[in-house]
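Below is one structure; the comments refer to it alone.
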Ligand code: PGA
């Protein structure tokens with residue numbers, strides 16, 4: 001069996017942890033976590049904590065700091081927004097794109113998500129594109145259609161080299177912050193569909209994470225699935241010791 005890519009553990013802190021708390025978190029996390037060649041840890045703090053996170057995690061191998069959202073315009077009168085350039089200036093090397101809270105709480109459209117994705121690639125930020133269906137869409141058996149629509153809106157104008165740079169997170173909306181999550185087999189089936197779609201568009205490699213109520217108890221079963229290349233975690237990434245434990249989980253073969 002060919003070697004799998006390094007497992008990716010991504011922490012989405014949402015609207016939690018200011019600069020001081022970020023430094024405190026990093027100190028505790030670094031005391032607990034032993035970096036290893038077969039895993040990466042990425043942190044998506046709030047924009048005000050990007051610089052603190054960049055400094056506090058500096059030197060930790062295979063770590064990235066990322067923004068939670070970016071605007072597609074390079075600069076201008078966009079109150080409250082962060083451009084790719086500003087995120088990079090604060091130390092970010094990655095960004096979430098189209099997180100379900102951006103789509104469903106802030107009303108971001110597929111079209112806007114696509115513009116953000118292209119801006120991130122053009123500006124040198126590693127994008128992590130989030131896709132996933134709502135409960136209503138799942139109950140209508142529309143999971144594959146919704147995920148494909150969101151994926152296509154994001155990636156259809158990209159060439160193969162750009163496609164290979166995009167990491168995908170499949171996060172069913174009904175599983176986010178609810179304590180419910182897809183079974184590893186259900187998630188793996190959706191991942192396989194996403195991978196087929198990406199290959200059909202010309203990708204040669206793809207990394208697909210699962211997200212939605214991932215925690216210390218369920219993470220091992222998820223990453224044991226060959227289709228699951230890592231996890232994107234909200235609530236359970238806010239505790240430094242707990243997060244270090246999740247990032248250290250062994251992958252069963
Ligand atoms: P959760 O959030 O782990 O708290 O469900 C995941 C996410 O929104 O990325």
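The values are calculated or read from the model by the stated rules, or taken from the named source; none is laboratory data. Quick caveat: nothing in here was measured; it's all calculated off a predicted structure. Using ideal geometry, Cβ is built from the backbone for each residue, glycine included, and neighbour counts are taken over all protein chains shown.
Filtering 216, 221, 236 for residues that are within 16 Å of the ligand (Cβ to nearest atom), assigned to a helix (DSSP H, G or I), in contact (Cβ under 8 Å) with a residue 12 or more places away in the chain and within 16 Å of residue 177 (Cα to Cα) leaves a single hit, 236. Of all the numbered requirements in (1) in contact with a helix residue (DSSP H, G or I) (Cβ under 8 Å, 6 or more places away or on another chain); (2) free of Cβ contacts under 8 Å to residues at least 40 places away in the same chain; (3) buried (at least 20 other Cβ atoms within 10 Å of the Cβ), residue 191 misses one, and that requirement is (1). Which residues, taken from segment 73-109, are within 16 Å of the ligand (Cβ to nearest atom), assigned to a loop (DSSP other than H, G, I, E, B), out of contact with any helix residue (DSSP H, G or I) (no Cβ under 6 Å at 6 or more places or on another chain) and farther than 20 Å from residue 40 by Cβ? 105, 106, listed by residue number. Of all residues in segment 153-185, which are away from the ligand (no atom under 16 Å from the Cβ), farther than 18 Å from residue 104 by Cα and at pLDDT 90 or above? Passing the criteria: 155, 158, 159, 160, 161, 162, 163, 164, 165, 166, 185.
Scan segment 27-58 for residues that are crowded, with 17+ Cβ neighbours inside 10 Å and either under 21 Å from residue 125 (Cβ atoms) or in contact with a strand residue (DSSP E or B) (Cβ under 8 Å, 6 or more places away or on another chain) (or both) and report the count. Qualifying residue count, segment 27-58: 18.
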